[in-house]
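For reference, the structure is listed below as structure tokens.
None of the figures in this text is laboratory data; all of them are computed from the coordinates on show. A quick note: this is a predicted structure, and the numbers were derived from the prediction, not measured.
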């Protein structure tokens, strides 16, 4: 697991399993548009097709531009 830098912004976690890569941003809540823009926007400069996730405590997470918003508890309990 690694932390990534995109310009002056940081991707919280980059996970690698074999040849597979996944990117993760973690935030408590996406309570404002500014927070959502910050958390989802960090992936704008990542020009690959690996999955990208924003994990939060939101009950109904947002998904946009192919970036998956997920509830962090659901993500932690997922068997995959």
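By the Kirkwood approach, averaging reciprocal distances over each pair of separate Cα atoms, the stretch 32-72 gets a hydrodynamic radius of 10.5 Å. More than 14 Å apart: what percent of Cα pairs in the chain qualify? More than 14 Å apart: 61 percent of the Cα pairs in the chain.
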